[in-house]
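A.B. asks: Provided herewith is a single structure, encoded as structure tokens, for subsequent inquiry.
Each reported figure results from applying straightforward, stated rules to the coordinates on display, with no laboratory input. Everything numeric here is computed off the predicted structure, so don't read it as measured data. Don't worry about glycine lacking a Cβ; one is built from the backbone with ideal geometry, like all the others, and counts go over all protein chains shown.
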Amino acid sequence: MSTLLDIQDLAVRYAARRGLFSSTPPRPAVNGVSMQIDAGQTFGLVGESGSGKSTIGRAILRLVDTSSGSISFAGKNIADFGRRSPLSYRRAVQVVFQNPTTALNAAWTIEDILLEPIRLHRDLPNAKEQSKLVDQLLDQVGMSEYHRKRYPWSSPAASASGSRSRGRSPHSRSSSCATSRSARSTSRRRAK
Ligand SMILES: Nc1ncnc2c1ncn2[C@@H]1O[C@H](COP(=O)(O)OP(=O)(O)OP(=O)(O)O)[C@@H](O)[C@H]1O
Ligand SMILES: [Mg+2]
């Protein structure tokens, strides 16, 4: 299997916080992290709260700067991208956030939420094709036509499924969610 995501010796530091009367030095959030994820592989990263799981995710998404080390995706070092990640990378690497009630826009219907990434990332010829894909996505997570015009907050099942469905919608080749456990950091791999 070929390596899709290759992280070598990653370190991330959060900037110093400066107050009026005090300042805190930069804090290392992760240090010396290396991991590889193969195409088609499911990779679970588990660790106690504050161990740096979300920070690793943010570094992969380029939401935080890395202090050292490298992250390569499909053979390309993501540090070589310009200031804005190319659409192909944003399409391939996506997040399903842990809490659907805060991750989803409460003013949008489930249909609006599903259509946005479809319009951005799929080259579907017309609204009919886009709508057909919405049907398929709803069906994949056990939702129906009835849920289209409902809001994420209108039923717990709708919000949870809506979040899962949104995570599936574009051509994403990789998605991540982090979880914390009060246990020693471990990582678990399972090849598909
Ligand atoms: N924006 C930030 N500014 C400064 N320090 C931060 C920031 N975000 C996280 N940290 C610190 O970085 C370290 C790693 O945090 P991170 O959120 O990555 O951990 P986590 O494993 O995802 O935790 P949890 O399981 O609670 O979500 C922690 O010490 C945290 O306090
Ligand atoms: Mg976290």
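A.B. asks: Please enumerate, by chain and number, the aspartates and glutamates with C-alpha under 19 Å from the C-alpha of K149, excluding those fewer than 8 residues away in the same chain.
C.D. replies: Within the straight-line limit of under 19 Å, K149 reaches these aspartates and glutamates: E111, D112, E116, E129, D135, D139.
A.B. asks: Multiply the residue gap between Q36 and T101 by 0.36 nm, knock off their C-alpha separation, and tell me the result in nm, one decimal place.
C.D. replies: 20.3 nm
A.B. asks: Please compute the net charge surrounding G57, taking Lys and Arg as +1 and Asp and Glu as -1 over other residues with Cβ under 15 Å from its Cβ.
C.D. replies: Its environment carries a net charge of +3.
A.B. asks: When the Karplus curve 6.51 cos²θ - 1.76 cosθ + 1.60 is applied with θ = phi - 60°, which whole-Hz ³J(HN,Hα) does each residue of the stretch 59-74 get, with x for Gly and Pro?
C.D. replies: Per-residue couplings from phi come out as 5, 5, 7, 6, 8, 10, 7, 8, 8, 7, x, 9, 10, 10, 10, 6 Hz.
A.B. asks: A follow-up question, please. Give a residue-ordered list of calculated ³J(HN,Hα) values for the stretch 42-52 (Karplus: 6.51 cos²θ - 1.76 cosθ + 1.60, θ = phi - 60°; whole Hz; x for Gly, Pro).
C.D. replies: My calculation for the stretch 42-52 gives 9, 10, x, 10, 10, x, 5, 4, x, 7, x Hz in order.
A.B. asks: Does a label point 7 Å from the Cα of T24, set along Cα-to-beta-carbon, have any residues of the stretch 50-93 with amide nitrogen under 15 Å, and which are they?
C.D. replies: 50-52
A.B. asks: Nearest 0.05, what FRET efficiency do Q136 and E116 give at R0 = 22 Å with Cβ-Cβ as r?
C.D. replies: Using R0 = 22 Å, I get an efficiency of 0.85.
A.B. asks: Would you pull out the residues with amide H under 5 Å of Y14's amide H, same chain only if 5 or more places away, H placed 1.01 Å from N?
C.D. replies: R27, A29
A.B. asks: Please give the Cα centre distance for the stretch 44-80 versus the stretch 81-127, rounded to the nearest Å.
C.D. replies: When both Cα centres are located, 20 Å separates them.
A.B. asks: Please give the length that would be gained between S68 and S85 if that part of the chain were fully extended, namely 0.36 nm times their separation in residues minus their C-alpha to C-alpha distance (nm, one decimal).
C.D. replies: Here the segment from S68 to S85 would lengthen by 4.2 nm.
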